[in-house]
Each structure stands twice: as structure tokens, then as C-alpha cells.
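Single-structure report; data block below.
Read-outs throughout are calculated quantities, based only on the coordinates presented, and are distinct from any laboratory measurement. Predicted model only: the values in this text are computed from it and were never measured. Don't worry about glycine lacking a Cβ; one is built from the backbone with ideal geometry, like all the others, and counts go over all protein chains shown.
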Amino acid sequence: PRKSGFGARISYVTYSGDELTLYGVAVDVEADITTSFGLNYTYLFNNYSSLEFSIDYINTDAQFEALGYSLTMGELTQIPVLLTLRLHPAASTKAKPYLGVGLGYYLNNLDTDSTNAALVYGSGAEIDVDDSFGFHVNGGVEFFIAENYSFNLDLKYILNKADADVNISSFTAEEMSMDAVVVGVGLKYYYWGS
């Protein structure tokens, strides 16, 4: 029989950051380190392979840093919807390490701090970050603490770029890196299917 599992995970998210040129000045774009919360579903094809579908919620502040100054440009919300193919190189009844690759769709929203955006771009400026597609590599291990329950350690490196734009004519849209390292822990309940 096949085995399916439903789980929840909390993760620590670190964005790599990026750099853009604003009015001829190099500006570092950074997102604060934060936590994410998510749900996942795993389907085991056999002892050596599985497919995981997951959805997470991330909320953090985005900063612009240049010339020794730092401004909060807004509150970034990201909802990654990911599909990951996982290979389990060593079958074990108690521990299942895995390596994976996958792709995802990222729902991105920046709630602009209007005061700080006005300082940089002028009155009425709003910053928009488009939704995006991305890829990731994955590794981790599931420890079965009972026949149907597992404790999960999970690591992902995400490759993701999104277009950022400002609603003023003098600003050209730029592709910004939203690469991230995600380290998570979770619990999962497995049940047998036909």
C-alpha cells in the first residue's frame, strides 16, 4: 500500500538580498530574517521516492540601504506554493533522509511604507513586486517517532527572481533576486492508502 502524510512546518528564512541602481546610486535591498509557517502533503511512491506539495506564509520588512542610511520600504508578504520531488537514498524504518528538487509559484506583495517611499521617489510613490516562478534544491530527514508520526528537519535553497516596479515614469522596472535559505522543523501524520 502507498503512504500519504499531512504535516505542518515552521521555518527560519534568510533572504540573500540584491542591489539596484537608484538615481545613479547603488542601493542594497535587504529583507529581514524571519520565520514562515506552512502546511504540506507528502505522497510516498515507495521506500525510495516521494512527492511533497507545500504552501507557506512569510511576512517580513524590506529595507533599502545606501550611503550609510537605511529605510524600511514596506512589509513584504510572500506565499510560496511548492512541489518537490524527493529521493530517499537509504530506506530505514526510523529515519528517512532525502534529497529533492522542485519548482514553485510565489505570491509576492509589498505593502509600501508611503512616508519612506515618498522620501525616495516622491509623493504618491508605490512599489510593486510581481508574483514569480522559482526553483529549489532540498535536503532533510524524517524521524519516525511512531509508526504514523514523523519529526522533520528540512533545508531548502530557493532560486527566485521577481520584477519590481514603481508607479512613476522615471523608474525602470528591475528584476530583483529573492533567493533564500529556508531551514525548517515540522511534524507529520502518515496514513496508509490503497
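Distant-in-sequence amide contacts of Met176, defined by a placed amide H-H separation under 5 Å and a gap of 5 or more residues or a different chain, comprise Ala162, Asp163, Ala164. Segment Asn47..Lys3, full-extension length gain: 14.9 nm, with 0.36 nm per residue of separation and the alpha-carbon distance subtracted. Using a simple spin-label model with pseudo-atoms 7 Å out from Cα toward Cβ, Phe133 and Trp192 lie 4.0 nm apart. Bridgeable lysines around Lys94 (alpha carbons under 19 Å apart, same-chain partners fewer than 8 residues away excluded): Lys3, Lys188. Take the Cα of Phe37, step 7 Å toward its Cβ, do the same at Val101, and the gap between the two points is 3.4 nm.
Multiplying the sequence separation of Leu159 and Thr77 by 0.36 nm and subtracting their Cα-Cα distance, what value in nm do you get? Spell out each step's value before the answer.
On the way: separation 82, 0.36 × 82 = 29.52 nm, distance 1.71 nm.
Net length gain for the segment: 27.8 nm.
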